[in-house]
Structure formats: structure tokens, C-alpha cells
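This report refers to the structure that appears directly beneath it.
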Amino acid sequence: MGPRIAIPMPHSTDLKYGERALPQYARAVELAGGEPVTIPLDKTPAEVMKLIERCDGVLLPGSNADVDPAKYDAPPHPKTDAADPKRDTVDELLLQDAYNMRKPILGICYGLQILNVYRSGTLIQHIESKINHQAGRTVPIAHQVEVAPGSLLSGIVNHAPNIPANSSHHQSAELIGDGLRAVALCPDDGIVEAVEGTSRDHFVLAVQWHPERSVDDDENSRAIFKALIEAAKSRHDSLTGEFETV
């Protein structure tokens, strides 16, 4: 059995979206050697905590909701979509547990945004750009992503200075949250495409594109999930060793 990776349902009311999206994340985790654990959004916080305390890592997936701008003290933009409070509650429980217990975190698209807001960052509520960041799942490469040398992400993608990315979002990180740093940008407009944690002993990575859609065709996409699973396995093995020593 591989490390158990908690994945919240993508949306609490749009079940068709969740049923379409969730299997892609679960499959990507399985291909990398992990065991996906779906976290429902209709449980009490206590019930959610019982589920996630046995997990070794967290994957925060995309969503067709937007983070409530009140969470970062901003008025809503006319094009900001409705929030999903149940998803946000579960995400915040997952993040609280992951930061307290140093569990690896991978955020994807909306997952990057809720991570950044959780860490007291802010969001651009609607991107105005010559680049179509809402290209969608039918466009396999929407733009290039410029990766910061020396970053965790750079090591994962074999130190490639630029990588191709798909794109399905209209919001992005603006002010970067505490303990995070931007490590990838869209070179054409400066939109933040990835953030990672600044603590060397805690794997925290979030990307604005959707690597789960391209694991069959793209080595970098597979490498992102493999890095999450390896970090979760390393943490699990170290805890097991400590327990056996005691």
C-alpha cells in the first residue's frame, strides 16, 4: 500500500463536475504509487478530522467555485464566481492538519488559490491578459511557464527553464502568502503559475495548471505527482521508524 493522499471532493453542489474531475486526480495519485482517499464535503469537522488524520499527504484539486474574497478582505469583483463554503471548510481543515503535522501538500489550480489565501495571501479576482488563461481542457498547451532556477519545482521538472502548461482559470495569486514564494510565472503577462513553501523540511507545492490532465503524455506532469508521493512516503517511513525506536 502506498502513502494515503487525502483529496477533497472538488465541489459540494456541482456533483457532475466532481464526478468528472475527481477520477483524474485519483488516477494520477495511483500512477505515482499513492492511495487516493476521497474526503466528502458533507461531514462534520470532527468526522473529517478522523478521515484525514490517517492520511500521509494532501492534494487540493481544482474547483469551479472561487475563494470568497471576504477571506482576504476584498470586495467581490463582478466576474467572481460563487464561493463553496463546504469545500473551503474541508480545505482549511486539511491545511491546518498538514501544517501542524508537516504532511506534504500539492495544490492544483483552485488548490493554489485556497492555499495562498489560507496563508494570508490575496488573489487577482479576474485576469485581464492577452493570454487566454481560461483556454480549457480542450487546449493541451495554453502557454509556457517560466520556472525559477533552484526551486523545488525546478528540481521536479529536471531543471527545465520553461515548461508548457494547459490553463483553466480566471483568478491567480497576487500577494503571496506567509511561508510561500512564487516559483513560476507566465512569461507573457507575469501571472503567478506556481508557489512553494519556504521551509526545507515541509513539502508544499501548488501549480496553477492541471497536471492531472496530462500524466499520460507529459513527464513533468507525472513528476509532480511522483514528488508528492515520495515526500509522503518519506514522512510516513520516518514516523514509522520513530515509533519502532520508541
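Every condition in (1) without any contact (Cβ under 8 Å) to a residue 60 or more places away in the chain; (2) closer than 30 Å to Pro45 by Cα; (3) in a strand (DSSP E or B) holds for Leu205 except the one numbered (1). Looking across segment 23-61 at every residue that is touching a Gly at 6+ places or on another chain (Cβ under 7 Å) and either modelled with pLDDT under 95 or not in a strand (DSSP E or B) (or both), the one that is farthest from Arg235 (Cα to Cα) is identified as Pro61.
Contact map, segment 85-107: first residue in contact (Cβ under 8 Å) with a residue 24 or more places away in the chain and closer than 13 Å to Val67 by Cβ, second residue part of a helix (DSSP H, G or I) and open to solvent by less than 60 Å² (accessible area, probe 1.4 Å), Cβ cut-off under 7 Å, separation 6 or more or different chains; pairs are Asp88/Ile114; Asp91/Ile114; Leu95/Leu115; Gly107/Leu115.
Which members of segment 72-107 meet the condition of being under 18 Å from the mean Cα position of the chain (by Cα) and farther than 21 Å from His236 by Cα? Within segment 72-107, Ala83, Asp84, Pro85, Lys86, Arg87, Asp88, Thr89, Val90, Asp91, Glu92 qualify.
Is it fair to say Arg102 is under 16 Å from Val195 (Cβ atoms) and open to solvent by 10 Å² or more (accessible area, probe 1.4 Å)? It is false that Arg102 is under 16 Å from Val195 (Cβ atoms) and open to solvent by 10 Å² or more (accessible area, probe 1.4 Å).
With the requirement that a residue be under 12 Å from Asn166 (Cβ atoms) and surrounded by fewer than 19 Cβ atoms within 10 Å (Cβ to Cβ), what does segment 191-217 give you? Once the filter is applied, which keeps residues that are under 12 Å from Asn166 (Cβ atoms) and surrounded by fewer than 19 Cβ atoms within 10 Å (Cβ to Cβ), segment 191-217 yields only Asp217. The residues in segment 211-238 that are acidic (Asp, Glu) and not in a helix (DSSP H, G or I) can be counted, and the count is 3. Here is the figure for segment 222-240: residues that are in contact (Cβ under 8 Å) with a residue 60 or more places away in the chain, over 11 Å from Phe203 (Cβ atoms) and open to solvent by less than 60 Å² (accessible area, probe 1.4 Å) total 3. Just one of the listed residues (Lys79, Lys50) is open to solvent by 20 Å² or more (accessible area, probe 1.4 Å) and either without any contact (Cβ under 8 Å) to a residue 12 or more places away in the chain or not basic (Lys, Arg) (or both), namely Lys50. What are the residues in segment 30-47 that are open to solvent by less than 40 Å² (accessible area, probe 1.4 Å) and closer than 17 Å to Tyr110 by Cβ, if any? Correct list: Ile39, Leu41. Looking at the structure I just gave you, is Tyr110 open to solvent by 30 Å² or more (accessible area, probe 1.4 Å) and within 17 Å of the chain's Cα centre (by Cα)? Spelling it out, it is not the case that Tyr110 is open to solvent by 30 Å² or more (accessible area, probe 1.4 Å) and within 17 Å of the chain's Cα centre (by Cα).
The values are calculated or read from the model by the stated rules, or taken from the named source; none is laboratory data. On a predicted model such as this, the values are computed, not experimentally measured, just so you know. Please note: Cβ atoms are built from the backbone with ideal geometry, for glycine as well, and neighbour counts cover all protein chains shown. Accessible surface is based on the protein model in full, side chains and every heavy atom, while ligands, DNA and RNA are left aside. Shrake-Rupley method; radii C 1.70, N 1.55, O 1.52, S 1.80 Å.
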